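Notes to accompany the following structure.
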Amino acid sequence: MSRASCLSSLLDHAPVILPSLLLCDFGNLEREVGRLKEAGARALHLDVMDGNFVPNLTYGLPIVSALRQLTEMPLDTHLMIRQPEKYVQAFFDAGADVITIHAEATTDPAGVLRDIRRTGAAAGIAFNPGTPLSTLELCGGLCDLVLIMSVEAGFGGQQFDPVAPSRLRQARSIVGDTAVFEVDGGINENTIDACASAGAQLFVAGSAVFGQSDYCGALDRLARVAMQS
Ligand code: DX5
Ligand code: ZN
């Protein structure tokens, strides 16, 4: 199976909740991955931040490689880094299945999306809440995933921005159903339904999962609310 096809396999199970490892216990990464797998997680969301495009600094290639050794779950890699074009191949080589860049982080999003597809990974493009979605008019056909941020990229634990559902609708009206739609930031049992109704299929959740001792219960509750909408 090609790495890019992991998205269509995930869609068979939509709505899918992707735990964001930003808030996991990095001292026990193997145990955390095992617990998430056992809890029914189908893919992992990895937040790579460079301390430049966003003020926060997290982790990069070595952690992606380490996770690749620990699991066969798809790795959904959210690059919050400037000039992502420099690192596309390296993240693919480290084991990323989906590589998502920020529209604001490069002067040539179309070129970077093409580069990502050329590696064999699925190509994603992310938009912060205030960024016009007009880039999608040019890039819509080049991306496999559109990530609508429901917080300003940079930190876990922020409050959901209610502008996200209308932006999901707008993105879908531009791109159609050729891409998968994902939402990220402040997703919890109170905010997920509006995003599901607006057409999101993949939902990233950090605090709503890692703030609970029972990961399985947390993932199930989120999926159930999303399914009902
Ligand atoms: C924010 C990250 C998110 C974040 C999600 O920049 O992209 O993935 O970790 O965490 P919560 O669910 O706590 O907002
Ligand atoms: Zn993210």
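The values are calculated or read from the model by the stated rules, or taken from the named source; none is laboratory data. All of these numbers come straight from a predicted model, not from anything done at the bench. In this analysis, Cβ positions are derived from the backbone assuming ideal geometry, glycine residues included, and neighbour counts consider all displayed protein chains. Heavy atoms of the whole protein, side chains included, go into the accessibility calculation; ligands, DNA and RNA do not. Shrake-Rupley method; radii C 1.70, N 1.55, O 1.52, S 1.80 Å.
Overview of values
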{"read-out": "Extreme residue, farthest from ligand 1 (Cβ to nearest atom), among residues of the range 28-53 that are open to solvent by less than 40 Å² (accessible area, probe 1.4 Å) and among the acidic types (D, E)", "value": "E32"}
{"read-out": "Selected residue (criterion: nearest to ligand 2 (Cβ to nearest atom)) from residues of the range 197-222 that are more than 14 Å from L23 (Cα to Cα) and open to solvent by 20 Å² or more (accessible area, probe 1.4 Å)", "value": "Q201"}
{"read-out": "Failed item in (1) free of Cβ contacts under 8 Å to residues at least 40 places away in the same chain; (2) over 17 Å from the mean Cα position of the chain (by Cα), with I174 passing the rest", "value": "(1)"}
{"read-out": "Filtered residues of the range 135-149 (kept if among the aliphatic types (A, V, I, L, M), surrounded by 18 or more Cβ atoms within 10 Å (Cβ to Cβ) and away from ligand 1 (no atom under 14 Å from the Cβ))", "value": "L136, L142, V146"}
{"read-out": "Qualifying residue in the range 159-169 (condition: more than 23 Å from A43 (Cβ to Cβ), open to solvent by 10 Å² or more (accessible area, probe 1.4 Å) and under 15 Å from the mean Cα position of the chain (by Cα))", "value": "no"}
{"read-out": "Check on R42, in a helix (DSSP H, G or I) and modelled with pLDDT of 95 or more", "value": "no"}
{"read-out": "So A96, is it in a strand (DSSP E or B) and within 16 Å of ligand 1 (Cβ to nearest atom)", "value": "no"}
